[in-house]
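Engineer: Quick one: this structure, given as structure tokens, is what I'll be asking you about.
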Amino acid sequence: MRVDKFLKVSRIIKRRTVAKEACDTERIIINGKQAKPSSPVKEGDIVTVRFGGGEVSVRVKKIAEHVPKNDAGELYEVIES
């Protein structure tokens, strides 16, 4: 799955266009490498998102195309923030 779509489906970032812009401005890192919006994400990857003055790192637990809002947190686990 593309990283911009994963960020939207997991509700880490609310809209896919915002996730794409975050990738374009080098705020998204996958396993220590800068991510493009089309970069693939798979189970076990560590995705780091830089927001303003902080950052959040999550480990991808599951990949799913459609997830109910209440179950979005099951797709990842926060490893540091």
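Engineer: I'd like to verify a number: residues in the stretch 14-26 that are touching a strand residue (DSSP E or B) at 6+ places or on another chain (Cβ under 7 Å) and part of a loop (DSSP other than H, G, I, E, B), how many?
Structural biologist: 1
Every residue, every condition in (1) on the phi > 0 side of the Ramachandran plot; (2) under 12 Å from the mean Cα position of the chain (by Cα), yes or no:
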site	(1), (2)
K8	no, yes
I12	no, yes
A19	no, yes
N31	yes, yes
P40	no, yes
V67	no, no
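Engineer: Filter the stretch 44-60 down to the residues that are surrounded by 11 or more Cβ atoms within 10 Å (Cβ to Cβ) and either of a type in the set (S, T, Y) or part of a loop (DSSP other than H, G, I, E, B) (or both) and list them by number.
Structural biologist: D45, T48, S57
Engineer: Another question, then. Check I29, I63 and return the single one that is of a type in the set (V, I, T) and either in contact with a strand residue (DSSP E or B) (Cβ under 8 Å, 6 or more places away or on another chain) or part of a strand (DSSP E or B) (or both).
Structural biologist: Checking each option against the conditions leaves just I29.
Values quoted throughout were computed directly from the atomic coordinates according to the rules given, and no laboratory measurement underlies them. Please read all numbers here as calculations on a predicted model, not as lab measurements. Every residue, glycine as well, gets a Cβ built from its backbone with ideal geometry; the counts of neighbours run over all protein chains shown.
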